[in-house]
1. So if I take the centroid of the Cα atoms in segment 1-29 and the same for segment 292-307, what is the distance between those two points in Å?
2. Based on DSSP H runs of at least 4 residues, each adding -39500 (n - 2.57), what is the mean residue ellipticity at 222 nm of the chain after dividing by all its residues, to the nearest 500 deg cm²/dmol?
3. Over segment 91-228, what is the relative contact order in percent, taking alpha-carbon pairs closer than 8 angstrom and at least six residues apart?
4. Sequence-distant or interchain residues sharing an amide H contact under 5 Å with residue 72, placed H: which?
5. In Å and whole numbers, how far do the C-alpha atoms of the chain stretch along each principal axis, longest first?
6. Which value, in debye to the nearest 20, gives the size of the charge dipole of the chain about its Cα centre, when Lys and Arg are +1 and Asp and Glu are -1 at the Cβ?
7. Taking amide H positions as placed in the peptide plane 1.01 Å from N, state which residues far from residue 193 in sequence (5 or more) or on other chains have amide H under 5 Å from it.
8. Probe 1.4 Å, all protein chains in place: accessible area of residue 253 in Å², nearest 10?
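The values are calculated or read from the model by the stated rules, or taken from the named source; none is laboratory data. This one's a predicted model, so the numbers in the text were calculated from it and none came from an experiment. All Cβ positions, even for glycine, are placed from backbone atoms using ideal geometry, and neighbour counts span all protein chains on display. Each accessible area value is taken on the protein alone, full model and side chains, heavy atoms only, with ligands, DNA and RNA left out. Shrake-Rupley method; radii C 1.70, N 1.55, O 1.52, S 1.80 Å.
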Amino acid sequence: MKIAVLTESGPETRVAAIPETVKKYAGLGATVAVEQGAGEQASISDGDFEAAGASIGSRAEVLKDADAILCVMGPDADSISRAKPGALLVGALDPARRGLQVEAYARAGLEALAMEWMPRITRAQSMDILSSQSNLAGYKAVVDAASAYGRAFPMMMTAAGTIHPAKAFVMGVGVAGLQAIATARRLGAQVSATDVRSATREQIQSLGAKPIFVEGVAGIEGEGKGGYASETSEEYQKAQAELVSGHIAKQDIVITTALIPGRPAPRLISDAQLATMRPGSVIVDLAAEAGGNVEGCVAGDMVERHGVKIIGAVQLARTLAADASALFSRNLVNFLAAFWDKESGAPLLPDEDEIVAAIRLTRGGQLVNDRLKSAQ
Ligand code: NAD
């Protein structure tokens, strides 16, 4: 089995293998060919990959006879047209937004596997790229907020007087939100947090933060399938808006992470609520790419409204390229190793397996994924 690792293009900084995973693939009996410069932005040189046993080459060289192609973002289908039909293409292929490219992968005979559609089951936790990258994004959101904030986070008692601790509010307590709470606490902020899923209340408390929850609105908890949230009722949204209005005016830092799979991000902060915040406050909206939790948020930019800085964060894991690549690469090797068939020296991906059925998009020239087909 030959595994090719691509150099990413555009704003992408990460790489889909690191020397440690190259060695793991070798241990499984595979050879790894890394495209020149693939690890450069993640502080991994071609020499580091070679020392781990990989060969280095041009894209055409690494693709030649490759049985699997590893990438972070899905490559343009034209750029891998020399790939062998039947080869696996494994990465964050973004099938929801890149339907035409997925069709092109099918025409090229590739077996495309979209790692972001990994089901949320215990067996797949170590393969979950959304979790590994969200965790880093939650950390970086707080670091970016601290950097844009014209004050300090921790309480400081100095000879020149006392600096009061920043008040940070985390909205949406999934993987990113939990890491944001932990990071803000470590920096010395007073932290509160909210979510629609009641299970998060205890998690918030266990991190030393204060839970802020809608109370007394029965039967409309936004508990969806597989640990995800679903849309809440109008009654709940009204109660939540009132709760936020009362709380947000006292906050210096707000990190929003609320997402609902397959839907635009829920609007959690209105312009009128922003106007009640103290000038100089900072909001980082991690849902910016999905439409934003904050009114007026611009994805990929920082805007100022009523003296409040709103950072529309996009793919923050990219700004931590070395760690993000390491976690992403381990997710990929964990997936491929779990399905490795010793006899054939390659992964065996059974149709009926829950993981395979969820992430396999194309095979034998066809679209084979139910979720993808139902979205067409
Ligand atoms: P996500 O990125 O889809 O959403 C972020 C958070 O926003 C979620 O906690 C969600 O409940 C919350 N949210 C949605 N609408 C909201 C609203 N209107 N107001 C406030 N909050 C709102 O979530 P995620 O980070 O992917 O994690 C969701 C859950 O899945 C977590 O419990 C996580 O531990 C679990 N998980 C399980 C596995 C696994 O078992 N393999 C892997 C990853 C995550």
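1. Segment 1-29 and segment 292-307 have Cα centres separated by 36 Å.
2. -9000 deg cm²/dmol
3. With pairs under 8 Å counted, the relative contact order is 17 percent.
4. Sorted by chain and number, the residues that satisfy this are 16.
5. Here the spans come out as 65, 51, 34 Å, largest first.
6. Dipole magnitude for the chain comes out near 640 debye.
7. 170, 210, 212
8. Around 0 Å² of this residue is reachable by solvent.
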